[in-house]
Amino acid sequence: MQKKRLLTGVQPSGALHIGNYLGALKPFVSIYGEYESMLMVADYHSLTTLKDSGQVRENIMSAVRDYVAIGVDPKRVIIFQQSAIQAHTELAWILECQVTVPFLMQAHAYKDKVAKGLEANAGLFCYPMLMAADILIYDTDVVPIGQDQKQHVEYAREAAAKFNKVYGDTFKDPEEMILRDVATVPGTDGQKMSKSYGNTIPLFGTKNEILKAVMSIITDSKGESPENVYAIHRLIKDETEIAALYKSNKGKYKVVKDALAEDIESLVAPMREKRDSITDSDVVRILKDGAERAREQAEAKMKVVRERVGVAL
Ligand code: ADP
Ligand code: TRP
């Protein structure tokens with residue numbers, strides 16, 4: 001039986017944290033083999049916020065290294081750069097011509113920025129149609145994403161429906177798959193771990209950086225068991241084992257923090273080693289190979305799309 005098509009995109013945005021790993025990367029590794037999977041580095045999406053070309057390049061390289069290091073096999077998953085397949089931006093334009101301005105004004109990412117009094121660029125405004133193009137061009141069935149991206153998949157469905165209504169059945173309806181292996185991973189201050197809150201434990205940090213982040217976890221001196229430490233620990237180690245550890249070390253915060261740092265280190269060390277062994281030329285080769293495979297499919301779809309809209313003579 002033909003496997004279903006899965007596609008997800010990552011905005012290359014720099015160093016990953018334990019929350020990204022447990023909430024998005026690890027669940028991806030556990031499911032991708034069941035599908036015909038594609039992993040896209042959404043570098044053009046990142047231009048809506050990133051203006052430093054060196055940083056953009058660095059982040060693209062880094063994103064590929066991260067995914068391969070955590071166990072994504074480039075032979076089994078098509079790993080590619082969004083910018084390498086020009087048909088994405090071409091299809092985004094065609095989709096933008098199907099939807100209205102008020103429709104795009106409902107997008108959370110755009111609305112939030114405007115509500116904060118910030119000026120949104122036109123790229124951010126059209127962002128959902130580029131994402132719709134990413135998804136629709138490969139006849140994607142499932143799109144693994146975090147909860148915050150759900151609306152964007154709805155936009156892709158709407159765009160597909162609008163196009164199909166005018167030009168005939170062309171695009172498949174994609175379904176979102178909310179990765180929910182773990183609930184929100186808390187950060188060192190107990191809030192959601194997020195790079196924008198400065199409360200992260202780095203995934204590929206050195207042993208010392210991990211230890212430093214763990215030692216900075218805010219503990220409530222009133223309780224016998226440091227809740228914020230436990231809340232992270234239970235996500236990376238068997239809960240009965242750590243319950244026993246915390247029970248026999250009541251009040252000894254340093255002991256349990258050391259144990260957490262050590263457990264994170266054992267989880268991370270093999271992945272860090274793998275990551276260090278991936279060279280720049282490995283990354284370039286993976287992306288080149290991925291782009292060739294993706295391009296073939298994207299071009300076949302675009303041939304139909306160009307005919308349907310009437311530009312193919
Ligand atoms: P950040 O909040 O650090 O900016 P992103 O928004 O870039 O993280 O998230 C990238 C992916 O990692 C998303 O799929 C998101 O759902 C997941 N993720 C981020 N932070 C957490 C967290 N604290 N717990 C679980 N998943 C998370
Ligand atoms: N917008 C997504 C994010 O910020 C990244 C993304 C771009 C994406 N294109 C996609 C995700 C297509 C899934 C499918 O996380």
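Read-outs: derived from the displayed coordinates by stated rules, not from any lab. Not measured: the values here are computed from a predicted model. Backbone-built Cβ (ideal geometry, glycine too); neighbour counts: all protein chains shown.
Mean sequence separation of contacting Cα pairs (under 8 Å, at least six apart), scaled by the length of the range 205-275, corresponds to a relative contact order of 36 percent. About its Cα centre, the dipole of the range 205-275 is roughly 160 debye, where the only charges are +1 on Lys and Arg Cβ and -1 on Asp and Glu Cβ.
Computed over the chain, relative contact order equals 22 percent, with contacts defined as Cα pairs under 8 Å that lie 6+ residues apart. Counting only aspartates and glutamates at least 8 places from K207 when in the same chain, those with an alpha carbon closer than 18 Å to its own are D66, D258, E262, D263, E265, E273, D276.
Count the DSSP beta bridges whose two residues both fall in the chain, then state the antiparallel fraction as a percent rounded to the nearest 5. Write down the numbers at each step before the final one.
Working: 2 of 18 bridges.
Expressed as a percentage, antiparallel bridges in the chain total about 10.
Assuming R0 = 45 Å, can you tell me the calculated FRET efficiency for the pair A312 and E241, based on Cβ-Cβ distance, to the nearest 0.05? Could the numbers behind the result be given before it?
Details: r = 62 Å, r/R0 = 1.39.
So the FRET efficiency works out to roughly 0.10.
Taken over the chain, the alpha-carbon convex hull comes to 151 cubic angstrom per residue. The eigenvalues of the Cα gyration tensor, multiplied by 5 and square-rooted, give the range 205-275 an equivalent ellipsoid with semi-axes of 22, 14, 8 Å from largest to smallest.
For the set K172/K301; K212/K257; K26/K111; K165/K301, the pairs lying more than 19 angstrom apart at their alpha carbons are K26/K111. Three semi-axes describe the equivalent ellipsoid of the range 141-240; taken as square roots of 5 times the Cα gyration tensor eigenvalues and ordered largest first, they are 42, 14, 12 Å. Here the Gaussian network model covers the chain, with springs between Cα atoms less than 10 Å apart; of E227, E119, E273, E119 fluctuates the most.
Amide H to amide H distances under 5 Å link H17 with L203, where only residues 5 or more positions off or on other chains count and H is placed in the peptide plane.
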